[in-house]
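Working notes for the structure below.
The values are calculated or read from the model by the stated rules, or taken from the named source; none is laboratory data. Just so it is clear, the structure is predicted and the values come from calculations on it, not from any experiment. Cβ placement follows ideal geometry from the backbone for every residue including glycine, while neighbour counts extend to all protein chains displayed.
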Amino acid sequence: MLKIYNSLTRKVEEFTPLNSDEVKMYTCGPTVYDYASIGNFRTYTVADVLYRTLRFNGYKVKYVMNLTDVGHLTGDNQGDADTGEDRMEKGAKREGKTAWQIADFYSKAFLSDFKKLNLSQPTLFARATDHIKEQVELIKNLESKGLTYRIDDGIYFDIKKFEEATGKKYGQLSDLDEIKEGARVSKNLQKKDPRDFALWKLSNNPGERHMEWESPWGIGFPGWHLECSAMSMKYLGESFDIHAGGEDLKQIHHPNEIAQSEGATGKLFVKYWLHVRFLLVEGKKMSKSLGNFYTVSDVEKKKINPIALRYLYLNAHYQDPLNFTWEALESAQNTLSNLYSIAREIKNENESERKTLSEEKMQKIDSFRQDFISSINDNLNAPKALAVLWAVVKSNIPSSDKLDLMYLFDEVLGLKIAEISSAGAEIPQKILSLNAQRDEFRKKGDYLNADKLRKEIELKGYKIIDTREGSRILKA
Ligand code: AMP
Ligand code: ZN
């Protein structure tokens, strides 16, 4: 039975889907005005592990992630998110391009990094600019219920009216009293309540922005929070199961999503809210000004496999702090390489033991499987699940059972164990053992003998490629 921590109730809860046929899940995706950071990818990796865990438990899952390509202003996520410059337009100025070109370029870069981390393809990636109509409809709905008002720079959501109309308290997810109590001081003095937020921002000088649309209220663009409500409800229904994101979003963005959606439908918006603790870099918040803002490309530039980053994320519980250092990533890379070479060795082992499987070993295999499932189902305890994987690797169960379990666990962990350990599958056993001997010589620093074996392998028509994950053999 799967249990997850629900930020809404502040408790670990048993997961029961709203509709037993299919689980519906949404993750707040990136604002595509720049490369995504390794911090963003901690959140997406945890969301991916949750998605994989749901499937591992036999659920069919509809999974939607958005790409924010308009409306996210530079007033930060925990402060006044309706103020400042539009991030997309800012990116456009920085690079001398249009906001549309920026969105296109960084969406592609994001999707490419996404694949490198072996993140499962969601059922749908939804772009904010493809859903302007749905966002306008949502504002019209809120307007018809008297939950909006107009000021100079746009149409705003009225929190007090929402609370009166629904009997619900705004900001249940938030840890900040100023959000719950409305004690925050707003930069926009026309707002009735500092907690109110923009649904539609009006263009100052229509024609000046790259991204703007006609609307019943004038030319402008949607407020950042609106897209997630409009798109998640369009694809997943007015009430759905799981909504995930980084911990910052639980203060303002997610409370605003709840207010808009529940204000419009009168129904519960989302049953389980999952928030991922921020990744720190050398103990500090990641930021461009501190020079500690790293991307997946920076990882690759250091000749580190991005899957090592995935391993590093999995090695900490998602609610615990995770401090990124290059040393920690290199150590994850070594551990991962070790795992791959063990998997390759196991794969090439002779299987005479298979027929004589004792009762005790069968029980062991079964208890490994149970331990893995109960770890990952225990609020996604990935570090514990990894420990079970290593216990399997080090155990004395038959090789083929080891491999079966490793592949099975990897359906959740996503470390590409099968793919990488199969890389030399078509190479004859004799060549693989010669290469294994050569690796041994190399480990001991005996390069003379290692070179002799290299020549022998090459004479037989194969070539060797030495990588950080060990050597690989290809047909010459
Ligand atoms: P943004 O592009 O800033 O809107 O962030 C996209 C997603 O990444 C959101 O779910 C954020 O909460 C999350 N996020 C941003 N920075 C970090 C970080 N340092 N660690 C973990 N998640 C992050
Ligand atoms: Zn969102």
- If you take the residues in segment 213-251 that are in a loop (DSSP other than H, G, I, E, B) and touching a residue at least 24 places away in the same chain (Cβ under 8 Å), which one is nearest to the chain's Cα centre (by Cα)? Q251
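Between K452, K416, K443, K430, which is in contact (Cβ under 8 Å) with a residue 40 or more places away in the chain, more than 27 Å from N6 (Cβ to Cβ) and charged (D, E, K, R)?
Details: K452 fails: in contact (Cβ under 8 Å) with a residue 40 or more places away in the chain; K443 fails: in contact (Cβ under 8 Å) with a residue 40 or more places away in the chain; K430 fails: in contact (Cβ under 8 Å) with a residue 40 or more places away in the chain.
None of the others qualify; the one that does is K416.
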- For residues that are crowded, with 21+ Cβ neighbours inside 10 Å and free of Cβ contacts under 8 Å to residues at least 60 places away in the same chain, tally how many sit in segment 140-155. 1
- If you take the residues of segment 209-246 that are closer than 23 Å to L124 by Cα and among the charged types (D, E, K, R), which of them is nearest to ligand 2 (Cβ to nearest atom)? E227
- Message: Go through (1) in a loop (DSSP other than H, G, I, E, B); (2) surrounded by fewer than 13 Cβ atoms within 10 Å (Cβ to Cβ) for H317 and report which single condition fails.
- Response: (2)
- Task: Kindly list, by first and then second residue, each pair from a residue in segment 124-139 that is within 19 Å of R150 (Cβ to Cβ) to a residue that is hydrophobic (A, V, I, L, M, F, W, C) and assigned to a helix (DSSP H, G or I), limited to pairs with Cβ atoms under 7 Å and residues at least 6 apart or on different chains.
- Result: Q135/L226; Q135/A230; L138/L226; L138/A230; L138/A264
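Criterion first (within 23 Å of F240 (Cα to Cα) and within 16 Å of ligand 2 (Cβ to nearest atom)) does A47 satisfy it?
Spelling it out, A47 is indeed within 23 Å of F240 (Cα to Cα) and within 16 Å of ligand 2 (Cβ to nearest atom).
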- Message: If I ask for residues that are away from ligand 2 (no atom under 13 Å from the Cβ), farther than 12 Å from P122 by Cα and in contact with a strand residue (DSSP E or B) (Cβ under 9 Å, 6 or more places away or on another chain), which ones from segment 22-39 would you list?
- Response: E22, V23, V32, Y33, S37, I38, G39
- Taking segment 1-21 as the search range and keeping residues that are within 22 Å of I252 (Cα to Cα) and among the basic types (K, R), which one is nearest to ligand 2 (Cβ to nearest atom)? R10
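Have a look at I427, I397 and point out the one that is assigned to a loop (DSSP other than H, G, I, E, B) and modelled with pLDDT of 90 or more. Outline the logic, then answer.
Working: I427 fails: modelled with pLDDT of 90 or more.
Residue meeting the stated conditions: I397.
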